[in-house]
Amino acid sequence: MTRRFYFAAVLLAVWSCGDPVHDTRVDALGGEKSGVPTGPTHRSGQPCLTCHGGQGPADLELSVAGTIYQTAAPDSPPLEGATVTVFDATQLADGGAPRTAVTNAAGNFSFRRTEWAPVYPLHDISVTFPGVAAPTTMHTTVGRDGSCASCHVDPKGPATHGHVYLVLEPADLPGAMP
Amino acid sequence: MTKRIAFLIGLALALAVACGGPPDDARVGVVTPDPAQFPPVSLLLDHRCGSLDCHGARTRNLQVYGCEGLRLGTATPGCRNASGTDTTAEEHDATFRSLVALEPAVMTSVVQGKGQNPELLTFVRKARGTESHKGGTLVTPGDDQDICMTSWLAGAVDKNACARALAAPVTAR
């Protein structure tokens, strides 16, 4: 009887340590895309901090991360070499010192938590690219979630503006883009 | 014997009272601040609280609608200055309904008290950071944002404070 009690207590303690909401969110992302190795170029367009936000399953913790695409088209290729600029609440857009990151071949960019733990809200987030004169700027603030794709998902609708892009149309891209 | 009869009568009375209730079509109301004065407050709430990852999410108890975040109908997020459409009257109304329905009894008490003790309302405490708030401390008692909200609760919204609050940059803390 005593052994059963302790066994049940341990089982209950282990079970209660999980977060079913988080687990469901992780599961909803599905498996890795075939041919794309796990690393900085994987899972483009997905909310990075679901796994990299400190609750696992990824060990590497990120604070802000996302994917930038070339155009607003749903099938747009990713944008490599773009600079993403982010201000947090400790920095004014006028004269403050923002953080920057450059997108990789998958259009992904990220800030590691160990390098930067921003104070929310994030604001005046912009994307610049060589050959495009004006930065593409986000008009609103980010209040609590460092994953771009938590809000920026396709298709567009009342609760999302769609994925993050540099220009509306391919004709607006500088030179020949892939 | 008399005690038993008294007890049974008391029990029957208690049951009668307990089983009786308001009619099925009864509604518990809330005394609200003037909805006609709400749009300047609504615009501020949309600007500071209504991003899609915060109160612009349908999963929040307080849901804020507007052009900077969650839209009502088919419009996509984005105001006129971002090639979208500005916040509509229906969106102001949806935010109003969400806000006043959070704590109807407390809202009634604050409004009937002419806006005295606005911190009785959880949304004021959260904005001021005196209660746990994922979005942190957003307003300071007496600043333009605070005056915008509390003046509305008191019955005469300070439109100038709301306009100044809306135009202010995100503060460096």
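The values are calculated or read from the model by the stated rules, or taken from the named source; none is laboratory data. Everything quoted here is computed from the prediction, not taken from an experiment. Because the Cβ atoms are built from the backbone with ideal geometry, glycine has one as well, and the counts that use them run over all protein chains shown. Remember, those area values only see protein heavy atoms, side chains included, never the ligands or the DNA or RNA. Shrake-Rupley method; radii C 1.70, N 1.55, O 1.52, S 1.80 Å.
Using a 1.4 Å probe on the heavy atoms of the protein chains only, list every residue of segment A:143-169 that has 40 Å² or more less accessible area in the complete assembly than in its chain alone.
Listed by number, the residues meeting the 40 Å² cut-off are A:Gly143, A:Arg144, A:Cys151, A:Pro158, A:Ala159, A:His161.
Given that compact globular proteins tend to follow 2.2 N^0.38 Å, what is the ratio of the alpha-carbon Rg of the protein assembly as shown to that value?
Compared with the compact-globule rule of thumb, the protein assembly as shown sits at 1.25.
What ³J(HN,Hα) values, in whole Hz, does the Karplus curve 6.51 cos²θ - 1.76 cosθ + 1.60 give for segment A:98-115 when θ = phi - 60°, with x put for Gly and Pro?
These are the phi-based 3J(HN,Hα) values: x, 9, 10, 9, 10, 6, 8, 4, 8, x, 7, 9, 7, 10, 7, 4, 5, 8 Hz.
Among DSSP beta bridges lying fully in the protein assembly as shown, give the percent that are antiparallel, nearest 5.
Once the DSSP bridges in the protein assembly as shown are tallied, antiparallel ones form about 80 percent.
Express the carbon and sulfur contribution to the solvent-accessible surface of the protein assembly as shown as a percent, rounded to the nearest whole number, probe 1.4 angstrom.
59 percent
Add -39500 (n - 2.57) for each DSSP H run of 4 or more in chain B, then divide by its residues: what number comes out at 222 nm, to the nearest 500 deg cm²/dmol?
It comes out at -13500 deg cm²/dmol, rounded to the nearest 500.
Quick check: Cα centre of segment A:110-158 to Cα centre of segment B:69-92, how many Å?
Here the answer is 20 Å between Cα centres.
Stretch A:Leu168-A:Ala105 to full length: gain in nm at 0.36 nm per residue minus the Cα-Cα span?
20.7 nm
Which of the GluC sites (Glu not before Pro) found in segment B:81-173 are loop residues per DSSP with 15 or fewer other Cβ atoms within 10 Å of their Cβ?
Here the sparse-neighbourhood loop sites are B:Glu131.
Roughly how big is the A-B contact, given as buried accessible area in Å² (both sides, 1.4 Å probe, nearest 100)?
1900 Å²
Just want to confirm a number: the relative contact order over chain A, from Cα pairs under 8 angstrom separated by 6+ residues, in percent.
22 percent
When Cβ neighbours within 10 Å are restricted to other protein chains, what is their mean count per residue of peptide B:44-53?
Per-residue shielding by partner chains comes out at 5.
Each residue of segment B:66-76 in turn: what ³J(HN,Hα) in whole Hz from Karplus with 6.51, -1.76, 1.60 and θ = phi - 60°, glycine and Pro shown as x?
Residue by residue, segment B:66-76 yields x, 6, 8, x, 5, 9, 9, x, 9, 4, 9 Hz.
For segment B:27-120, which trypsin sites (Lys or Arg not before Pro) pass both filters: DSSP loop (anything but H, G, I, E, B) and at most 11 other C-beta atoms within 10 Å?
Those satisfying the criteria are B:Arg27, B:Arg58, B:Lys114.
So which trypsin sites (Lys or Arg not before Pro) in segment A:87-139 are both in a DSSP loop and have at most 12 other Cβ atoms within 10 Å of their Cβ?
none
Among B:Ala127, B:Ala26, B:Ala105, which one shows the biggest mean-square fluctuation in a GNM of chain B, springs joining Cα atoms closer than 10 Å?
Per the Cα network of chain B with a 10 Å cutoff, B:Ala26 tops the list.
Using the heavy atoms of the protein chains and a 1.4 angstrom probe, tell me the accessible area per residue for chain B in square angstrom.
56 Å²
What is the ratio of the Cα radius of gyration of segment A:85-178 to 2.2 N^0.38 Å, with N the residue count, to two decimals?
1.14
Counting only the backbone N, which residues of segment A:29-49 are under 11 Å from the spot 7 Å out from the Cα of A:Ala117 toward its beta-carbon?
Correct set: none at all.
Over chain B, what is the mean sequence separation of C-alpha contacts under 8 Å (at least six apart), divided by residue count, expressed as relative contact order in percent?
Averaging sequence separation for qualifying contacts and normalising by length gives 20 percent for chain B.
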